[in-house]
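Below: one structure, written as structure tokens.
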Amino acid sequence: MKKVFLVLCLFLGTSCQMFQRQPTGLSYYRSLWDQAVDLLRAQKTDEAEPLLREVYASAQSVEPELSTRALFELAEINERKGQWTQALAQFKECELKKKDLPNYKADLELPSRLAGLYATLGELQVSESYAKKVEANLQMYLQQVHVNQQKAWWAETFYHMGSFPVRFIDANNWMDFAKRFHSTSQYLIRSMEMGDPVWSERSLELAQNFFKKSFDLLSSGPTNDEENAALLGSVIRDRIDMLDVILQKIQLYKPLDLHESRVVWRFYQLVDDYQDQVKAALFKVRDAVPLSRESEKRNALERKGRLIDPSPSKAVDKTSKDPNL
């Protein structure tokens, strides 16, 4: 009898485990979301990604806000990996569901990300249209959230609006990243203006890393074309010209009083040095390498005012290492 009882207990226990329903309630998805956020903060992206995918795919009917926020994080992960097309598709889906995002993400971070991605992909007119949306929304937020009272929040928000994965830059994709930096560099500068010890410093570090990588790569062409001297010269000329355009735009965002933020002061000291390096590089290649078609096109756009943005109107909220750097 005891044997029969034991067998029955074992059978029932196994059956219960076999037919036990998987958790699908609200608390379950919130728990997954919290785990994913903790992993992202610990820079364990590979472990966070499957949790985010589950929240996005399975929580849409139960908790659409969590689902959309998970999608936003997935888009940022793909953006950091340099998977531009996939990131763009995910951010566009977020745009359709932006009512489920926090207001500041929907109004500021999302359109700035889209502007940057379209610039990266060379679709400058679309990028410009999103940039105009960002500026319009930004003016509204500046009236509602006073800068002097919320400097840390603004420094972080501007940082997220302008950040991109510098560590993935190489000789083959430099121009894509340069277009991205050109599109959103003003937000990094605005973050620096807040003088926040965390986010303003991160913005400065990101900009520094971009220029360091750029000058390191200035004399190297695409890995599969280095035997072609003429093409290599054209690539170098394109890079120098693009850096010149970027630095001209940065000068347009230079604050009248640099001493209001020591972070900004340090950045523009570096900018002066960067401009000297670009001028020296231009002098070396101007006669040796004629303007390429890309450079001629860019200079024409610059003269029309489509690459160099107008000067912005002046407006009188972690300590782990940033994965973008």
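The values are calculated or read from the model by the stated rules, or taken from the named source; none is laboratory data. Everything quoted here is computed from the prediction, not taken from an experiment. Counting neighbours? That spans all protein chains shown, and the Cβs are built from the backbone with ideal geometry, glycine included.
Some points to look at:
- Test for A281: is it loosely packed, with under 14 Cβ neighbours inside 10 Å and either over 19 Å from S127 (Cβ atoms) or modelled with pLDDT under 90 (or both): no
- Flag: R53 does not match the condition of being surrounded by 19 or more Cβ atoms within 10 Å (Cβ to Cβ), assigned to a helix (DSSP H, G or I) and charged (D, E, K, R).
- Some residue of segment 83-96 being more than 18 Å from the chain's Cα centre (by Cα) and over 18 Å from T184 (Cβ atoms): yes
- Members of segment 187-201 that are of a type outside the set (A, V, I, L, M, F, W, C) and surrounded by fewer than 23 Cβ atoms within 10 Å (Cβ to Cβ): G195, P197, E201
- Residue list for segment 137-151, filter: of a type outside the set (S, T, Y) and more than 11 Å from M194 (Cα to Cα): N137, L138, Q139, M140, L142, Q143, Q144, V145, H146
- Unmet requirement for I246, which otherwise passes all of (1) part of a helix (DSSP H, G or I); (2) modelled with pLDDT of 90 or more; (3) surrounded by fewer than 19 Cβ atoms within 10 Å (Cβ to Cβ): (3)
- Restricting attention to segment 252-263 and to residues that are under 17 Å from Q208 (Cβ atoms) and not basic (K, R), the residue that is surrounded by the fewest Cβ atoms within 10 Å (Cβ to Cβ) turns out to be L258.
- Number of positions in segment 135-160 that are hydrophobic (A, V, I, L, M, F, W, C) and touching a Phe, Trp or Tyr at 6+ places or on another chain (Cβ under 8 Å): 5
- Single residue of V166, V126 found to be of a type outside the set (D, E) and within 23 Å of E73 (Cβ to Cβ): V166
- Out of L121, L96, one residue alone is under 24 Å from M175 (Cβ atoms) and among the aliphatic types (A, V, I, L, M). It is L121.
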